[in-house]
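Novice: This is the structure I have questions about; it appears just below.
Laboratory data are not the source of any read-out in this text; all were calculated from the coordinates shown. Small disclaimer: the values here were computed from a predicted structure and weren't measured. A quick note on method: Cβ atoms are made from the backbone with ideal geometry, for glycine too, and the neighbour counts reach across all protein chains shown.
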Amino acid sequence: MEFVASIVDTAFRPLKDYFARTFGYVMSCGDYIDALGHEMDELKSKRDDVKRMVDTAERQGLEATSQVKWWLECVSRLEDAAARIHAEYQARLQLPPDQAPGLRATYRLSQQADETFSEAAGLKDKADFHKVADELVQVRFEEMPSAPVVGMDALLQELHACVRGGDVGVVGIYGMAGIGKTALLNKFNNEFLIGLQDINVVIYIEVGKEFSLDDIQKIIGDRLGLSWENRTPKERAGVLYRVLTKMNFVLLLDDLWEPLNFRMLGIPVPKHNSKSKIIVATRIEDVCDRMDVRRKLKMECLEPQPAWDLFCEKVGEHLVRAGPEIQHPALGLAMKCGGLPLALITVGRAMASKHTAKEWKHAITVLNIAPWQLLGMEMDVLMPLKNSYDNLPSDKLRLCLLYCSLFPQDFFISKDWIIGYCIGEGFIDDLYTEMDEIYNKGHDLLGDLKIASLLERGKDEEHITMHPMVRAMALWIASEFGTKETKWLVRAGAGLKEAPGAEKWSEAERICFMKNNILELYERPNCPLLKTLILQGNPWLQKICDGFFQFMPSLRVLDLSHTYISELPSGISALVELQYLDLYHTNIKSLPRELGSLVTLRFLLLSHMPLEMIPGGLIDSLKMLQVLYMDLSYGDWKVGENGNGVDFQELESLRRLKAIDITIQSVEALERLARSYRLAGSTRNLLIKACASLTKIEFSSSHLWKNMTNLKRVWIASCSNLAEVIIDGSEETDCGILQPYDFMRMGEVIVCEDPVHYNLQGIILQSLLKVKIIYRGGCVENLSSLFIWYCQGLEELITLGHRDQEAAADEDEQAAGTCKVITPFPKLKELYLHGLPRLGALSGSACMLRFPSLKSLKIVDCLSLKKLKLAAAELKEIKCARDWWDGLEWDDDEVKASYEPLIRGVE
């Protein structure tokens, strides 16, 4: 019987258990839900313990084991499932009895709870880990693909010094596209960093334009052996920060286009004396500054010899063996690459199969006129440069850059020139009330282009240059990527003796034939779209045919400066849109009445020309004029009944005028200028010339100069009776306009007791036979340059005034042998003395001149000057004749020896 009972039990127990479980699932759903909740609470408690151990390990630079990560993921997934089951059960309890779910649904929910309970119990049993974290499995160093680099040794050594030193945590490298920033980083990574045993990890990331923080975090995490599953960017940043702070790392970030937020990435910024370093490479200098880079390294183009070496390497051995008929044009072609490695490589490869002189000469022509036609240039050089152009934040910047391409290659472009053109074209608006503010806006735009590595500093802060390849890129863009080559017809510095035929002008929007040898313009081109025409710098151009401007209705900028034209052609009145007209340094003596029809004209530049006649009413008709430059030009202004020239009232009628350079030839005109609030406030440069009635003039903060708040330079020349040029800021002095009795006095140049508070930066005294400069204390505060030429009566540069002579005498009585040190020009940087035959000393024996800011001293044909007595600690150069210098007398040989290295010859 027992055997039979056992068989029955074995056969029917599964069925019995099934009915019991089914009955339990249906009748005891709440019990299963409660049991699951208790089990999940215990599991989550275990989970929290494990996570605490993992967090502690990660703070020590370790990473959770794969088993722990799998277990935590399972718990997280199970927690979500349990929450859904509990939520469904709670929702059922809220239903009215008539809407209660059926037995099948109840059974299914209890079954899910039971199965989840079993899974939770199994995970709980697996929670006793032997260890929760291991050391990170990281790749310490990765070699990057690289090629041999030329001319970078010094920069590599400087970069190496930055990494090994403790002073700088973040290093920035910037420079134009194609200059070799990536090649530099790759070589530095492969040859320098691999040998640093105290660096735990070196990570190289090419960021690029379309970067994302997630991508950068993933690359760094992968190199460190970190896993990012189910972590938010903020959590990843926290893990990265904790790991990297425990390591010595070098992070190389190449091709940055905008600043990175290290805090959001989780990258700790290396502190002082840290072995960790961050090196960023970018085209945009501003990116370095906005990332708090403490050491910036600018990558320059190659010097001529390494540039030639690289070029020859890419062309091949046959260039080295070639004769001068090929080597000469090859050298010219290499020079036109401007030392840019990418251009040298591209052009060199393009010429590798060229073996005749004619092919090489043709390549130079192509590179001058249409460089995009040279094999490989468009894709390999111009397109990468165009990315910088496209990245500029505004159309104004792009237009300003394109405009710079009108100038010849390697030309030092005056910032004021390019800004004036851009204002005339409308690129730079005139929202500002002062012309200085408008020009400052232009300088800011040019500064942004320099920051973007698209322009470079010229010979000084007032000039810029454009790299040949950037210029090529700009002309390529301006010609609609080479599809309309005459849209911008630029042949600047091409050695032209004749202008291109009129048929080539028909589709042009901008034309520049600057710095050529064009003799005559005899055709009448039809240029309906032409906006800018630059003929500047054709010194042999004497004639422009009548009617030449007849069919240029859209012309806005016309530059005829530095030509030899003696008259403007008839028909110039057709330029109804003209806003900028430059006649600087031409041979024009008379302006045509037609010029008065140019009612939209805003810029009129008439300086440095022998202008003698201006028709009455012409200036008055130019109501839109904002800038009028007429220094070293017309100066015969009629004031009241005095004078026979243009009525000064015509100038005063120009209500929009914001900047004027003016020549004055009478005391009456000078007084009228000083009283005119608008004209005086607009005056930048003032030339007082051949004014025979002028015997005294004063520089002070009242009367004459009171309204000239923007005055930059005063030039006084050939005033035969000028005796006193007084610089006096004291209130007791009766400064300003000349008094009748002053014209009878023989006089002095007096330097004031109190500082003169105006913007005057330059004074030129030329051919003034009776002038003396007398010092009465104080200083001329902002003067930066002082030129004194051919003032035959000047015996001392500075002579003490009566009060100072008496004071010096009193001091001498109190302290015999002492010398008074005076500082009349505290900001003077340039002093030029030329043709002063009676100049015997810079100052009297009782005083010594102190020039705290003087950089350059030039002395020419001052043969009576036997002693050089001055204090100038910042002096960088003394330009003079060597024999004159050798003949000077010195009280102290050590002083002479200190000046000796500063001597520069004069031409």
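Novice: Give the relative contact order (percent, whole number) for the range 255-414; include only Cα pairs under 8 Å separated by 6+ residues.
Specialist: Rounded, it is 16 percent for the range 255-414.
Novice: Can you tell me the 0 to 90 degree angle between the C-alpha axis of helix 153-164 and the longest principal axis of the chain, rounded to 10?
Specialist: 50
Novice: Now for a different question. Loop-only trypsin sites (Lys or Arg not before Pro) in the range 464-531, please: DSSP not H, G, I, E or B, and at most 13 other Cβ atoms within 10 Å.
Specialist: Within the range 464-531, the qualifying trypsin sites (Lys or Arg not before Pro) (loop, at most 13 other Cβ atoms within 10 Å) are LYS484, LYS497.
Novice: Same structure, new question: Rank the residues SER227, SER666 as a footprinting-exposure proxy: fewest other Cβ atoms within 10 Å of their Cβ go first.
Specialist: Ranking SER227, SER666 by Cβ neighbours within 10 Å, fewest first, gives SER227, SER666.
Novice: Let me ask another. Hey, what angle do you get for helix 415-425 against the long axis of the chain, alpha-carbon based, 0 to 90 degrees rounded to 10?
Specialist: 80
Novice: Okay, next question. Report the relative contact order of the chain, percent, no decimals, based on alpha-carbon pairs under 8 angstrom and at least 6 residues apart.
Specialist: Relative contact order, the chain: 5 percent.
Novice: Over the range 589-690, what is the relative contact order in percent, taking alpha-carbon pairs closer than 8 angstrom and at least six residues apart?
Specialist: That works out to 24 percent.
Novice: Do any GluC sites (Glu not before Pro) in the range 585-662 lie in a DSSP loop with no more than 11 other beta carbon atoms within 10 Å, and if so, which?
Specialist: GLU641
Novice: Go through the range 467-510 and name the GluC sites (Glu not before Pro) that are in a DSSP coil and have 11 or fewer other Cβ atoms within 10 Å of their Cβ.
Specialist: When the GluC sites (Glu not before Pro) of the range 467-510 are filtered for loop state and at most 11 Cβ neighbours within 10 Å, GLU480 remain.
Novice: Right, something else. Using the Karplus equation 6.51 cos²θ - 1.76 cosθ + 1.60 (θ = phi - 60°), what ³J(HN,Hα) coupling, rounded to whole Hz, does each residue of the range 595-602 give in order, writing x for Gly and Pro?
Specialist: Rounded to whole hertz, the list is 4, x, 7, 7, 6, 8, 4, 10.
Novice: What is the helix-to-structure angle for 304-315, meaning the angle in degrees between its Cα long axis and the longest Cα principal axis of the chain, kept from 0 to 90 and rounded to the nearest 10?
Specialist: 50
Novice: Let me ask you something else. Post the alpha-carbon centroid distance, the range 486-534 to the range 207-266, in whole angstrom.
Specialist: Centre-to-centre distance over Cα atoms comes out at 55 Å.
Novice: Let me ask you something else. Within straight cross-link reach of LYS441, meaning Cα distance under 23 Å, which lysines are found once same-chain residues fewer than 8 apart are removed?
Specialist: Reachable lysines: LYS396, LYS415, LYS450, LYS459, LYS531, LYS658, LYS712.
Novice: Where does the chain land at 222 nm, in deg cm²/dmol rounded to the nearest 500, when only DSSP H runs of n ≥ 4 count, each adding -39500 (n - 2.57), divided by all residues?
Specialist: -11000 deg cm²/dmol
Novice: When Lys and Arg each count +1 and Asp and Glu each count -1, what net charge do the other residues less than 13 Å away from GLN157, Cβ to Cβ, add up to?
Specialist: -1
Novice: Quick one: which residues, 5+ away or cross-chain, put their amide H under 5 Å from the amide H of PHE699? H built at 1.01 Å from N.
Specialist: When sequence neighbours closer than 5 places are left aside, the close amide H contacts are ILE726, ILE727, ASP728.
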